[in-house]
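What follows is calculated from the coordinates using simple rules that are stated; it is not laboratory data. Here the structure is a predicted model, which is why all the values come from computation and not from measurement. We place every Cβ from the backbone using ideal geometry, glycine too, and count neighbours over all the protein chains shown.
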Amino acid sequence: MKTTKYITAILAAALSSSLGLTASAAEKQPNIVHIVADDLGWKDVGFNGATDIKTPNIDALAAGGAKFTQFYVQSMCTPTRAALMTGRYPFRYGLQTIVIPGPAGYGLDPSEYLMPQTLKDAGYATAIIGKWHLGHADIKYWPRQRGFDYQYGAMIGELDYYTHSDAGVLDWFRDNKPVKEKGYTTQLIGADAVKYINAQSAGKPFYLYLTFNAPHTPYQAPQEYVDRYQHIADPTRRTYAGMVTCLDDEIGKVVAALDKKGLRDNTLILFHSDNGGTKNAMFAGQMADLSKTKIPCDNGPYRDGKGSLFEGGCRVAALANWPGRIKAQTVDGLIHAVDIYPTLAALAGAPTAKCKPLDGVNVWDTIAAGAPSPRTEVVYNVEPFRGAVRQGDWKLIWRSLIPTSVDLYNLAEDPYEQNNLAAAHSDKVAALQARIEALGQEAAKPLALMYVFKVGLAHGKPAMGSVDGKGAVTVNADDPSITDEGIGSRDIIH
C-alpha cells in the first residue's frame with residue numbers, strides 16, 4: 001500500500017513539473033476566466049502604451065502577470081473564435097474566410113469536439129457570457145449544443161449596444177431563449193459574469209468564456225464614459241475610448257467578484273482581442289456606413305489591422321494572470337489561439353482523445369515562466385486567394401490572385417514589415433510558398449465563399465436600366481416563353 005502511494009506521489013509530481021505548477025497547485029483544478037475583447041487595437045490598452053485611453057484594471061492584470069508580445073490570432077472574428085474552440089486552424093473546417101454573415105445558414109462543423117466539451121469531461125462547469133459568432137441560423141450550432149452549460153449574450157457578430165439587435169432582429173439570449181431587457185451590452189455582460197461567479201462553489205472548477213462585443217462597431221458608449229474623454233478631439237475616438245474604459249471597468253468588477261468569493265488565487269485569467277483593431281472601413285461592420293469616418297483603433301507600430309495578414313491584423317494585445325502561478329514578466333515566445341485549447345486542457349487534466357488532430361501545442365511553461373515556446377510556426381491563414389505563414393523569424397504573405405504579390409519579412413529585424421525581402425531571398429520564398437501550397441491541399445472549401453457565390457449567382461430580378469428613368473418594363477412571369485422551337489412552356493428554372 002505504501003509503495004502504491006509512493007508511486008502515485010511520483011506521478012503527480014511529474015505531472016506538476018510538466019505543467020510548470022507546484023505540487024499543491026496540481027492537486028486542484030484551476031478556475032479559468034477567458035476574456036476576449038472584440039476588435040481591440042494593440043495600443044488601445046495602457047500596458048501596450050495607450051496614453052489617451054485609461055485601462056487601469058486590465059493594466060493591473062498585465063503588471064501582475066504575463067504580458068505577451070507575440071500572441072497571434074486569426075485576422076477576423078469568426079476564424080479566431082473557431083480556432084480557440086477547436087484548437088485547430090479554421091482552414092481545416094471551412095471557416096477561414098471572413099465572418100459568418102447574419103443571413104448565412106452555416107456554422108462551425110458539429111463534428112468538431114470543442115474546448116468546453118473537453119473541460120466538461122474533466123468535471124468543469126462551463127459558461128459563455130457574451131458573443132458567440134460560430135453559427136446562429138440553426139440551434140445545432142449554438143453554444144448550449146456545443147458544450148456550454150450556461151449561455152447569455154449574442155449569437156451573431158454585430159449588434160446595437162442598446163437594442164441588442166441587428167436589422168430589427170433580436171440577438172440576445174439566455175440558455176437558448178430570447179431575452180428582451182434594457183441596458184448597454186458591455187455592462188450587461190459584466191454584470192452577468194459577476195452573478196455567475198457569485199453562484200460558483202470552491203468545490204467545482206469552472207470555465208467562463210467571457211466574450212465582450214466591445215469595442216466592435218457600432219461605436220456607442222454611455223454618455224458618462226464619453227464625457228471622461230473631452231480631451232480627445234476626434235469624436236469617434238472619444239466614443240471608442242469610452243467603450244474601452246467601460247470594458248475595463250467591467251473586467252475590474254469580475255476580478256473583484258473573484259476576490260470577494262475567495263476564488264482569485266485558484267483562477268487563471270486570460271485576456272486578449274479576437275483580432276487587431278480595424279483600420280479599413282470595409283472590415284468595420286455593416287450596421288453603419290463608416291467609409292467617411294476616421295476609424296479610431298490604434299495598432300501602434302504594427303502594419304494594417306483587422307482583415308489583413310500583416311502583423312496589425314493578427315498580433316494582438318494579450319495577457320495572463322494567476323497569482324503565485326504566473327510570473328510577472330514580458331513574454332516574447334510565440335503563442336497562437338490554437339494553443340489555448342491544449343494548454344487549458346492540460347491544466348485541467350482533461351483528455352483530448354475525442355478531438356480531431358490539434359494544431360495547438362501546450363504553451364503553459366511559456367505563459368507561466370517565459371520559457372522558450374514550443375511553437376516555431378504560425379499559420380496566419382490559408383485561403384484560395386491568399387496565404388501567410390511564419391517559420392522562425394521569417395514570414396511570407398502570398399496573394400495568388402492576379403496581380404499576384406509576395407511579401408517576405410524577417411520579423412526579428414523588421415517587426416513592422418517595412419522592408420520586403422522577397423527579391424533577395426528567393427530560396428526562402430520558395431520554401432514558404434511550398435508550405436502554404438501543402439497546407440492548401442489539406443484545406444476545406446471556405447464556407448463563406450460558397451455562401452457568397454450561391455447568393456451572388458442566384459437567379460433573381462435583373463437590375464435593368466431605362467432611357468426614360470422609369471425602370472424596367474415588367475411582364476407576367478406566368479406567360480409562355482418563345483423558344484427556338486416556337487411557343488413553349490416557361491423557361492424558368494425552379
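Things worth noting here:
- Sequence-distant contacts, meaning Cα pairs under 8 Å at least 6 residues apart, place the relative contact order of region 376-489 at 14 percent.
- Backbone geometry of region 456-463 corresponds, through the Karplus equation with coefficients 6.51, -1.76 and 1.60 at θ = phi - 60°, to 3J(HN,Hα) couplings of x, 9, 5, 5, x, 5, x, 8 Hz, x marking Gly and Pro.
- Note on ALA458/GLU377: beta-carbon distance plugged into 1/(1 + (r/R0)^6) with R0 of 35 Å gives a FRET efficiency of 0.30.
- Here each label is just a point 7 Å from Cα along the line to Cβ, and for MET287 and GLN441 those points are 4.5 nm apart.
- HN-Hα J in Hz across region 91-108 - Karplus 6.51, -1.76, 1.60, θ = phi - 60°, x for Gly and Pro: 5, 6, 9, x, 10, 7, 10, 6, 9, 7, x, x, x, 7, x, 8, x, 5
- Whole-Hz Karplus values for region 52-64 come out as 8, 10, 9, 9, x, 6, 5, 4, 5, 5, 5, 5, x Hz, taken residue by residue from phi with 6.51 cos²θ - 1.76 cosθ + 1.60 and θ = phi - 60°; glycine and proline positions read x.
- Signed unit charges on C-beta, dipole axis of the chain, positive-most listed residue CYS77, CYS246, THR293: CYS246
- Since only ALA434, VAL99, GLY64 are under comparison, the one whose Cα sits farthest along the positive direction of the charge dipole of the chain, derived from C-beta charges on Lys, Arg, Asp and Glu, is GLY64.
- MRE, 222 nm, helices only [DSSP H, n ≥ 4, -39500 (n - 2.57), over the chain, to nearest 500]: -8500 deg cm²/dmol
- Per-residue extension of 0.36 nm, minus the Cα-Cα distance of GLN223 and VAL475, leaves a gain of 85.3 nm for this segment.
- Tilt relative to the chain, helix 185-198 - C-alpha long axis, 0 to 90 degrees, to 10: 30 degrees
- Diffusion coefficient of region 259-404 by Stokes-Einstein, Kirkwood radius over Cα pairs, 37 °C, 0.692 mPa s: 185 µm²/s.
- Among the trypsin sites (Lys or Arg not before Pro) in region 200-309, those located in a DSSP loop and surrounded by at most 11 other Cβ atoms within 10 Å of their own Cβ are LYS292, LYS294.
- Acute angle (nearest 10 degrees) that the helix 426-442 long axis makes with the longest principal axis of the chain, alpha-carbon atoms: 80 degrees
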